[in-house]
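Written below as structure tokens is the structure these notes are about.
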Amino acid sequence: MECIFCRIVAGELPSDTLYQDDEVMAFRDINPLAPTHVLIIPKRHIAFLSDLSDDEVSLIGRMVGVANKLARQEGVAEKGYRLVIGSGEDGGQVVPHLHMHLLGGRRLSDRLC
Ligand code: 5GP
Ligand code: ZN
């Protein structure tokens with residue numbers, strides 16, 4: 001298995017895991033860009049957001065639900081946070097396993113990119 005996030009899901013690589021259920025897992029980013037920087041991923045390998053079929057998009061809703069819960073748990077919900085999903089090269093996606101970034105704990109740039 002070459003995918004690093006699949007290896008984290010399988011327990012082959014360590015992670016600072018904050019949440020998991022049958023479909024979704026969340027762990028702290030190894031190179032945090034903000035005081036709170038959590039990655040929310042599907043346990044199943046889906047490389048890109050663009051690979052999601054129409055009947056799979058509810059997975060993103062589940063990931064948002066987990067992100068909202070963790071934002072409250074991390075104490076950033078009130079002041080605000082940002083959820084980011086990049087898809088593909090121009091989207092800035094480096095790890096080809098679908099993931100959502102939860103960023104908070106400081107004032108993020110007004111610029112989106
Ligand atoms: P991308 O740039 O693909 O949207 O984000 C990938 C993220 O995964 C980066 O923020 C990077 O720091 C994080 N990352 C890469 N490898 C690992 C790892 O082995 N463990 C954890 N926890 N995060 C990782
Ligand atoms: Zn994977």
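The values are calculated or read from the model by the stated rules, or taken from the named source; none is laboratory data. Predicted model only: the values in this text are computed from it and were never measured. Glycine gets a Cβ as well: all are built from the backbone with ideal geometry, and neighbour counts include every protein chain shown. Accessible surface is based on the protein model in full, side chains and every heavy atom, while ligands, DNA and RNA are left aside. Shrake-Rupley method; radii C 1.70, N 1.55, O 1.52, S 1.80 Å.
Quick grid of which residues meet (1) of a type outside the set (Asp, Glu); (2) open to solvent by 20 Å² or more (accessible area, probe 1.4 Å); (3) in a loop (DSSP other than H, G, I, E, B):
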{"position": "Asp22", "(1), (2), (3)": "no, yes, yes"}
{"position": "Ser50", "(1), (2), (3)": "yes, yes, no"}
{"position": "Pro96", "(1), (2), (3)": "yes, yes, yes"}
{"position": "His101", "(1), (2), (3)": "yes, yes, no"}
{"position": "Arg111", "(1), (2), (3)": "yes, yes, yes"}
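Scan the stretch 60-67 and tell me whether some residue there is buried (at least 17 other Cβ atoms within 10 Å of the Cβ), out of contact with any Cys (no Cβ under 6 Å at 6 or more places or on another chain) and under 18 Å from Gly105 (Cα atoms). Yes.
Candidates are the residues of the stretch 59-85 that are more than 15 Å from the chain's Cα centre (by Cα) and part of a helix (DSSP H, G or I); the one that is farthest from ligand 2 (Cβ to nearest atom) is Arg72. Being in a loop (DSSP other than H, G, I, E, B), more than 13 Å from the chain's Cα centre (by Cα) and within 15 Å of ligand 2 (Cβ to nearest atom) is the requirement here; does Glu89 meet it? Judged against the criteria, Glu89 is not a match.
Taken together, the residues in the stretch 68-90 that are within 15 Å of ligand 1 (Cβ to nearest atom) and open to solvent by 40 Å² or more (accessible area, probe 1.4 Å) amount to 7. For the stretch 27-43, a residue qualifies if it is more than 15 Å from Val66 (Cβ to Cβ) and open to solvent by 60 Å² or more (accessible area, probe 1.4 Å), and the qualifying residues are Ile30, Asn31, Pro32, Leu33, Pro35. Of the set (1) more than 16 Å from ligand 2 (Cβ to nearest atom); (2) closer than 23 Å to Cys6 by Cβ, all apply to Glu23 but (1). Restricting attention to the stretch 2-41, the residues that are of a type in the set (D, E, K, R) and closer than 22 Å to Gly80 by Cα total 2.
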